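The values are calculated or read from the model by the stated rules, or taken from the named source; none is laboratory data. Note that this is a predicted model, so its numbers are computed, not measured. Neighbour counts are summed over all protein chains in view; Cβ atoms, including those assigned to glycine, are modelled from backbone coordinates with ideal geometry. Accessible surface is based on the protein model in full, side chains and every heavy atom, while ligands, DNA and RNA are left aside. Shrake-Rupley method; radii C 1.70, N 1.55, O 1.52, S 1.80 Å.
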Amino acid sequence: MITLSSIPANSLRPAHLLEFDLWSGANGLPLNKQRLGIIAQKLAAGTAAALQPVRVITKVDAGVLFGFGSIAYRMVMAALRVYSSQEIWVIPQVDDGAATAAAGNITLTGTATGPGVLTMEVGYDILEVGVVTGDTATTLAIRARAALNAAVELPVSFAGATGVLAATFRNKGTCGNGFHLGGSCTAAGISVASSDCSCGATDPDIQSAYDAAATMRLHVITPWSGGQTDIAKGKNHIETVSGPVEKKAGRVFAVVPSTTTVSAAIAIAQAINHERVVVSMLPGSRSPTWEIAAAYGITEALMSDPAEPTAGKILPGIHAPAPSSRLLGSEVEALLAGGIAPLTVSDDAVQIERSATTRTSHNGMATLRLIDTNTIAILDYYRDSCLARYATKFKGKKQTPYMLTAVNEENYAVAKLLEDRNILRDLHAHRAEFLSEDDSDISGRIRCSMPGPIVPGLYQLFGKINLILPTDG
């Protein structure tokens, strides 16, 4: 019997009635638009309420909501440099009440005996001021401080006396530790010395931000912190919300501090050991790790095809470390095997080498089964596609004898569409593995099972060249 939803079945009045069914013919796959979630500290000047997820579209929005120069603002900027139209949400935190800010300095000495240019390095940002003959260190420092403080996007503010440019991180806590400060001057008679920011202490508990994030689905989460304790909290969060009950599946992408050694990074990955957590490292970069995380995260969120690898994708706006600081090939191999996703440099641009997850063992046994983040991303999209089909086809239905076949056929139809998009493969060989059955214990429940033969990414091509000489017969 044809089922009508809007026309009353008990009507007896003569009439010609037609209703619209807008969804019964919806047999395609759902959109795979990924939300990026950023966890970061705001400033008191920001209008956003702490721990309330808020969507950000432009960097001006970020400046108003979180304060210009805040960690949250800078992470949004880093993401927007990669792509400006992705859906970005931020869970802002406030500085801990007992926190202290990291501080550093750029120190000028001498008197200019000729004209030139003073160049100041603030992270990867470069600012310049002119030098005229006769400028003392004090005079030049006044001009330099004015130029630096006019750049409200910088995460540090400058004060000081005489020739000292005393930098204080805008946000308090460890977020500013290691932030690069440097400088040089082409004017004769002026010398420049510098000290990177340090001594920041006491961070807000990132758990409160993860708790706030549990109210919505964030496909990719990039926390500002890459410490092992905070990464573990991210793991616990994403494991909880990604389950079959909550259905808010996602992945966490964190970056360890640039001073972390290869062995220490591997130890962190082995302690986390989860397929939904990607931990990366880029030693020697002047870009703060939290900006690297934002750029990495949005790059992954852009991948509407979950089977397409991000290997070789460039992270624009991220500072490439000097050659002496870059990872060796042997270190890259060790990191990948140890569950770390190393970032490398190609043609002076930072790129993703391979998005390896921290999952390297199962029940104490080493495994490469879940080495690539694409695997869980494909399964998430597979599940989303099946659930979307169930909502369209089976909502309000009865558990008739024909329903088992209907469910099985819809599961197979979804899988075939994924196969057509080269996300799944070889379904003909797994046709018999699509199963549906009535639950023997609970009335009204159907159990089903379907295979997931994913299409893996292509990462390696091995071959050989055979030498042939004219004398070879």
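Quick one: in segment 238-267, of everything that is β-branched (Val, Ile, Thr), touching a residue at least 40 places away in the same chain (Cβ under 8 Å) and open to solvent by 20 Å² or more (accessible area, probe 1.4 Å), which residue is farthest from residue 340 (Cα to Cα)?
Per the stated criteria, the residue is 259.
When you check residue 434 against the structure, is it free of Cβ contacts under 8 Å to residues at least 60 places away in the same chain and open to solvent by less than 60 Å² (accessible area, probe 1.4 Å), yes or no?
yes
Can you run down the residue pairs with Cβ atoms below 6 Å, 6 or more apart or on separate chains, where the first is in segment 128-147 and among the polar types (S, T, N, Q) and the partner is open to solvent by less than 30 Å² (accessible area, probe 1.4 Å) and not in a helix (DSSP H, G or I)?
The qualifying pairs are 133/112; 133/114; 138/163.
Only one of these conditions is not met by residue 292: (1) within 24 Å of residue 174 (Cα to Cα); (2) part of a loop (DSSP other than H, G, I, E, B); (3) open to solvent by less than 10 Å² (accessible area, probe 1.4 Å). Which number is it?
(2)
Name the single residue, out of those in segment 443-473 being under 35 Å from the mean Cα position of the chain (by Cα) and farther than 30 Å from residue 406 by Cβ, that is least open to solvent (accessible area, probe 1.4 Å).
Result: 457.
Would you confirm whether or not segment 103-113 contains a residue that is buried (at least 16 other Cβ atoms within 10 Å of the Cβ) and not in a strand (DSSP E or B)?
yes
Could you run through segment 263-304 and say how many residues are over 26 Å from residue 77 (Cβ atoms) and out of contact with any strand residue (DSSP E or B) (no Cβ under 8 Å at 6 or more places or on another chain)?
So the count comes out to 7.
Can you work out which of the residues in segment 309-368 that are part of a helix (DSSP H, G or I), in contact (Cβ under 8 Å) with a residue 40 or more places away in the chain and polar (S, T, N, Q) is most open to solvent (accessible area, probe 1.4 Å)?
This residue is 324.
Checking residue 180 against (1) open to solvent by 50 Å² or more (accessible area, probe 1.4 Å); (2) more than 21 Å from the chain's Cα centre (by Cα), which single condition isn't satisfied?
Answer for residue 180: the failing condition is (1).
Just one of 422, 408 is under 18 Å from residue 27 (Cα atoms) and either assigned to a helix (DSSP H, G or I) or acidic (Asp, Glu) (or both); which is it?
Only one candidate passes the filter, namely 408.
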